[in-house]
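**Student:** Before I ask anything, let me first share the structure, which is written out below as structure tokens.
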Amino acid sequence: MDLKELENGINPDVHWYYQSKRLPLFAYAKKLLKNGIPLTIVDVGSGSGFFAYALEKEFPQGIAKVYLVDINYTPEEIAATKDAKIEKTLRIPGKIENGLVILMDVLEHLEDDLKMLQEIKQACVGSNNHYFITVPAFYSLWSGHDVYLGHYRRYRIATLNKVLHTAGYNIQNTYYLYGSLFPMVWVARKLDNMKQKKEATSNMKPFSPMSNKILLTISSADMKIAGINKLFGVTCASQGKIPS
């Protein structure tokens, strides 16, 4: 997750966006674990590590190892977790086996998204490596929020599939998340962009408990059918295999 959003007082342990966004990731991990082989989680661009920590907590017996990969970790953080089950590192492990590589809103921050995907693929060995990726969707939603977070682009299914195909990934499904919220977000972003002075600022704010509960209910219901949503959404997600 983006650490800039934590600076705005976001608590991912309760915030509706993060609590709902982890649901399709959990569903995919649960599916992979049915073969009985423990997974190695490689969380690239992990930031706080929210999604990887949540995965390990949900499937403690099914997760053999977790690598939190982020260039912003300090030497002290890395030393404190060295050889632990959940280990912080600056670089992608040299060998990924029985892995689930997750990139939760990472590719849009990279000038060369293909290079990152190829680097991950080169580290994968064996036939049991998978990926789960989320990225912001639709240029029509571009706003000061993207500028604030340092995004290079937003994606559609076709553009995300194109870079994944080029990198040699086997795509199982690419789809949109938060389709039910798309109209509201579209209007809000258009109104924001109409301001005479556009500000680079985050749209991610803490919500009152009642508003948070309502949005969590709506977005969680959305996740149940997201896998078949090929039309529109705020986020684009993809899952599949990484052949060695």
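**Student:** Would you pull out the residues with amide H under 5 Å of C124's amide H, same chain only if 5 or more places away, H placed 1.01 Å from N?
**Tutor:** Excluding prolines and chain starts, which carry no amide H, the hits are I96.
**Student:** Quick one: if you stick a label point 7 Å off each Cα along the C-beta vector at A27 and E76, how many nm between them?
**Tutor:** Reported label-point gap for A27 and E76 is 4.1 nm.
**Student:** Probe 1.4 Å, all protein chains in place: accessible area of E111 in Å², nearest 10?
**Tutor:** 140 Å²
**Student:** What does the convex hull of the Cα atoms of segment 110-244 come to per residue, in Å³, rounded to a whole number?
**Tutor:** Per-residue hull volume (Cα only) is 126 Å³.
**Student:** With label points built 7 Å along Cα→Cβ from the Cα atoms of N11 and N193, find their separation and express it in nm.
**Tutor:** Roughly 3.5 nm, to one decimal.
**Student:** Moving on. For Y178, Y17, give me the order by solvent-accessible area with a 1.4 Å probe, most accessible first, ignoring ligands, DNA and RNA.
**Tutor:** Y17, Y178
**Student:** Defining a contact as two alpha carbons under 8 Å apart and six or more residues distant in sequence, what relative contact order in percent does segment 112-222 show?
**Tutor:** Result for segment 112-222 is 35 percent.
**Student:** Calculate, for R156 and I37, the FRET efficiency according to 1/(1 + (r/R0)^6) with r their C-beta to C-beta distance and R0 35 Å; round to the nearest 0.05. Before the final figure, lay out each step's value.
**Tutor:** On the way: r = 33 Å, r/R0 = 0.96.
Calculated value: 0.55.
**Student:** Hey, can you grab everything whose amide H is under 5 Å from the amide H of V101? Only 5+ residues off in sequence or another chain; H modelled, so Pro and N-termini drop out.
**Tutor:** Excluding prolines and chain starts, which carry no amide H, the hits are V42, H130, Y131, F132.
**Student:** Please give every one of the lysines within straight-line cross-link reach of K82, meaning a C-alpha to C-alpha distance under 22 Å, and leave out same-chain neighbours fewer than 8 residues apart.
**Tutor:** Filter leaves K57, K65, K95.
**Student:** Still on this structure, please answer the following. Looking at the chain, what % of its DSSP beta bridges pair antiparallel, to the nearest 5?
**Tutor:** About 40 percent, rounded to the nearest 5.
**Student:** If the viscosity is 1.002 mPa s and the temperature 20 °C, what Stokes-Einstein diffusion coefficient in µm²/s follows for segment 1-133 when Rh is the Kirkwood radius over Cα pairs? Show your work: numbers first, answer last.
**Tutor:** Numbers: Rh = 15.2 Å.
Answer, rounded: 141 µm²/s.
**Student:** Rounded to the nearest 10 degrees, what's the angle between the helix 182-193 long axis and the longest principal axis of the chain, both from Cα atoms, 0 to 90?
**Tutor:** 60 degrees
**Student:** How big is the chain along each principal axis, measuring the range of its Cα positions in Å and listing the largest first?
**Tutor:** 52, 38, 34
**Student:** Here's another thing I want to ask about it. Dimensions of segment 82-143 along principal axes (Cα, Å, largest first)?
**Tutor:** Projected onto the principal axes, the Cα atoms of segment 82-143 cover 42, 26, 18 Å.
**Student:** While we're on this one: Calculate log10 I(q)/I(0) of segment 25-103 for q = 0.20, 0.21, 0.24 Å⁻¹, where I(q) comes from the Debye formula with a single equal point scatterer on each Cα and nothing for solvent.
**Tutor:** One equal scatterer on each Cα of segment 25-103 leads to -0.81, -0.89, -1.14.
**Student:** Turning to a different aspect of this structure: Per residue of segment 47-61, in order, report the coupling 6.51 cos²θ - 1.76 cosθ + 1.60 (Karplus, θ = phi - 60°) as ³J(HN,Hα) in whole Hz, putting x for Gly and Pro.
**Tutor:** These are the phi-based 3J(HN,Hα) values: x, 6, x, 3, 5, 5, 4, 5, 4, 5, 5, 6, 10, x, 7 Hz.
The values are calculated or read from the model by the stated rules, or taken from the named source; none is laboratory data. Worth saying up front: this structure is predicted, and the values here are computed from it rather than measured. We place every Cβ from the backbone using ideal geometry, glycine too, and count neighbours over all the protein chains shown. Calculation scope for accessible area: heavy atoms of the full protein, side chains included, ligands and nucleic acids excluded. Shrake-Rupley method; radii C 1.70, N 1.55, O 1.52, S 1.80 Å.
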